[in-house]
Amino acid sequence: AQSVSQHNHHVILSEAASLELGCNYSYGGTVNLFWYVQYPGQHLQLLLKYFSGDPLVKGIKGFEAEFIKSKFSFNLRKPSVQWSDTAEYFCAAASGGSYIPTFGRGTSLIVHP
Amino acid sequence: SQTIHQWPATLVQPVGSPLSLECTVEGTSNPNLYWYRQAAGRGLQLLFYSVGIGQISSEVPQNLSASRPQDRQFILSSKKLLLSDSGFYLCAWSARANGYTFGSGTRLTVV
């Protein structure tokens, strides 16, 4: 079965620290990849997505993610986090042509000021 | 622009009572529609999806059902709620897998 794994369930950082959240998927063919963020009390929002082309994807709020096909990974990065980045982050994948995304369990990020 | 509306935001229902959660999308036609349940530490679980009017696919067998009576309307229902149906329910739409836009969710508590 298709699956998406997020290795870090809880991450605690201080402001200005660098962030990397891991995401691995199990699809063998073409894949569409997404990162979503859910700020406290708010609904899920799309951070960035990858369909094809440049494997380094830039998203909103200084986030980026790199698609590494050989590693089946789509890790999310930010060079310097802010307190306002405290949120839950979800990785999702859909096989090419599929309408059905599979979500990871999510990573809870807490940034201390 | 496209918008998605989901209501109610919170709901407290007794065990055994019926349920109806509604989701509507504006600004697009023939969207793919989804119902997810979000549980703490367990991510998002896909419950139902629909690629057209009257077309419903269920991902997880359970006490819930879904219907799509109109192109931009997706309804999550139950005839008799169980305690285990408590959770946070999210509706989402997409246009040919081009990213998924989520509603604001409904917090359901079954008592």
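Here are the numbers:
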| read-out | value |
| --- | --- |
| Any hit, region A:42-49, residues being surrounded by fewer than 21 Cβ atoms within 10 Å (Cβ to Cβ) and either more than 9 Å from every other protein chain (Cβ to nearest Cβ) or among the charged types (D, E, K, R) (or both) | yes |
| Residue identified as open to solvent by 60 Å² or more (accessible area, probe 1.4 Å), acidic (Asp, Glu) and touching a residue at least 12 places away in the same chain (Cβ under 8 Å) among A:64, A:20 | A:20 |
| Answer residue from region B:69-111, given it is of a type in the set (D, E, K, R) and within 14 Å of chain A (Cβ to nearest Cβ) and is farthest from residue B:29 (Cα to Cα) among those | B:107 |
| 2 or more residues under 11 Å from the mean Cα position of the chain (by Cα) and closer than 22 Å to residue B:46 by Cα: qualifying strands (runs of 3 or more DSSP E) within region A:1-76 | A:31-38, A:45-50 |
| Flag for residue B:75 being within 15 Å of the chain's Cα centre (by Cα), hydrophobic (A, V, I, L, M, F, W, C) and open to solvent by less than 30 Å² (accessible area, probe 1.4 Å) | yes |
| Count of region B:41-52 residues which are outside any strand (DSSP E or B) and open to solvent by less than 50 Å² (accessible area, probe 1.4 Å) | 1 |
| Residue match in region B:53-65 (condition: touching a residue at least 12 places away in the same chain (Cβ under 8 Å) and either within 10 Å of the chain's Cα centre (by Cα) or crowded, with 20+ Cβ neighbours inside 10 Å (or both)) | yes |
| Region A:81-113: number of residues that are open to solvent by 10 Å² or more (accessible area, probe 1.4 Å) and more than 14 Å from every other protein chain (Cβ to nearest Cβ) | 7 |
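The values are calculated or read from the model by the stated rules, or taken from the named source; none is laboratory data. All values reported here derive from a predicted model rather than from experimental measurement. Note that each Cβ is placed from the backbone with ideal geometry, even for glycine, and that neighbours are counted across all protein chains shown. The accessibility values were calculated without ligands, DNA or RNA, using every heavy atom of the protein model including side chains. Shrake-Rupley method; radii C 1.70, N 1.55, O 1.52, S 1.80 Å.
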